[in-house]
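Visitor: Below you will find the structure I want to go over with you.
The values are calculated or read from the model by the stated rules, or taken from the named source; none is laboratory data. Model, not experiment: these values are computed from the prediction. A quick note on method: Cβ atoms are made from the backbone with ideal geometry, for glycine too, and the neighbour counts reach across all protein chains shown.
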Amino acid sequence: MNSKLENLWEEVRELSLGTTPQIDRLHTPPTPLQFLRDYLSQNKPFILSASAATTLQWPATTLWTSTSYLLNALSSSTVSLHLTPTGQADSLTAHPSNPDSLCFASAHVQRAPFSDAIDAIKASRKNNSGARFVAYAQQQNDCFREEYTALAGDCDSHISWATEAIGGLPEAVNLWIGNELSETSFHKDHYENLYAVVTGEKHFLLLPPTDVHRMYIREYPAAQYVYSEETEEFRLEVEDPVRYVPWCSVNPFGFSNEKEKEKSKFPLFYNGPDPFQVTVKAGEILYLPSMWFHHVRQSPDNRGLTIAVNYWYDMRFDIKYAYFNFLQSLTCCKPRSHNSDSFIIENVSDGDEIIENNEQD
């Protein structure tokens with residue numbers, strides 16, 4: 001049964017993506033029909049290059065390179081700022097009461113005047129002298145239209161060819177402002193995502209939904225960072241009552257001296273096809289299909305900032321969603337218990353269970 005499933009994953013991946021190690025790069029915007037036929041319906045990503053991307057027509061591409069402009073435009077705005085000790089929010093870290101196990105940690109979120117938020121992002125440090133935090137404006141939840149309304153005229157309110165193909169306006173538009181210290185761990189979203197970089201660069205690792213078996217999704221107790229401005233220190237608080245979050249266990253950029261240990265823990269990830277590596281430069285748009293796993297890092301502009309806007313369109317809960325859930329139910333690495341490091345891979349053909357140990361260090 002397992003070999004047959006592996007063949008199915010390989011065939012689906014080849015049919016939808018081909019055998020090339022790179023995703024498509026378009027030099028002219030797709031028509032709504034082309035987007036629907038060649039990418040949306042096939043759940044296939046692409047990059048719209050800077051030579052043709054609609055972002056080049058936005059006032060933002062020139063105005064937002066000036067910090068003074070942003071400060072003046074948002075002088076009366078209060079925004080949500082996310083603080084972590086390492087730059088990794090919504091990611092796995094050592095459990096505060098049991099360092100041998102992991103928890104899912106969310107950022108400390110505080111409201112701040114926009115000018116203070118920019119100062120905090122520029123002052124971000126990671127375990128160095130000075131302020132010991134990494135700040136990232138990454139509120140999501142339609143934050144561009146909720147918190148940054150003064151900038152609304154600097155960007156298109158939607159991506160026209162995507163809106164026509166999908167048949168509706170984006171459910172949320174988000175603004176992201178950070179620097180090279182902020183990193184987003186592997187995860188997936190239930191949205192069709194049009195991700196436009198305005199300044200700096202974003203570096204994505206992408207894996208299709210059919211590779212869910214390689215992500216070692218397990219349930220981890222939810223926790224949240226709490227930051228003290230007086231001591232400039234964080235504490236990590238586990239939610240009470242305990243809530244468990246399913247999350248990808250693989251960190252593709254873990255410590256180099258632990259690489260062999262990571263390979264032994266997650267052989268399906270490291271022994272399978274490499275993730276697609278995609279750099280989205282200023283003025284370019286990435287179409288990131290729904291349910292695709294993605295890991296994100298970034299490089300700043302000459303001011304030390306990376307700014308991007310993304311459009312979340314509702315995905316269709318069709319056969320693709322049912323197919324993904326079916327695969328996950330067959331192959332997902334499941335925790336044997338909430339406080340155990342072993343997991344179970346079920347063989348649905350005969351009901352056998354294979355138990356593998358995966359000790360955390």
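Visitor: Take the range 148-176 and flag every residue that is among the polar types (S, T, N, Q) and farther than 15 Å from ASN193 by Cβ.
Guide: THR149, SER157, SER160
Visitor: Under the condition of being part of a loop (DSSP other than H, G, I, E, B) and at pLDDT below 90, which residue from the range 238-269 is farthest from ALA107 (Cα to Cα)?
Guide: PHE255
Visitor: Report yes if some residue within the range 20-32 is modelled with pLDDT of 95 or more, among the polar types (S, T, N, Q) and out of contact with any helix residue (DSSP H, G or I) (no Cβ under 9 Å at 6 or more places or on another chain); otherwise report no.
Guide: No, the conditions are met nowhere in the range 20-32.
Visitor: Right, here's the next one. Just need a number here: residues in the range 245-290 that are closer than 14 Å to HIS187 by Cβ, surrounded by fewer than 21 Cβ atoms within 10 Å (Cβ to Cβ) and of a type in the set (A, V, I, L, M).
Guide: Matching residues across the range 245-290 total 1.
Visitor: I need the full set of residues from the range 204-221 which are of a type outside the set (D, E, K, R) and touching a helix residue (DSSP H, G or I) at 6+ places or on another chain (Cβ under 8 Å), in order please.
Guide: Within the range 204-221, LEU207, PRO208, PRO209, THR210, VAL212, HIS213, MET215, TYR216, ILE217 qualify.
Visitor: Then there's this: Output the qualifying pairs, or none if there are none: Cβ atoms under 9 angstrom, residues six or more apart or on different chains, first residue in the range 210-232 and within 19 Å of SER329 (Cβ to Cβ), second residue in a strand (DSSP E or B) and modelled with pLDDT under 90.
Guide: These pairs meet every condition: HIS213/ILE345; TYR216/PHE343; ILE217/LYS334; ARG218/LYS334; ARG218/PRO335; ARG218/PHE343; GLU219/LYS334; GLU219/PRO335.
Visitor: Kindly indicate whether PRO273 is assigned to a loop (DSSP other than H, G, I, E, B), under 20 Å from ALA94 (Cβ atoms) and at pLDDT below 95.
Guide: no
Visitor: Within the range 176-195, is there a residue that is without any contact (Cβ under 8 Å) to a residue 24 or more places away in the chain and of a type outside the set (Gly, Ala, Ser)?
Guide: There is no residue in the range 176-195 that is without any contact (Cβ under 8 Å) to a residue 24 or more places away in the chain and of a type outside the set (Gly, Ala, Ser).
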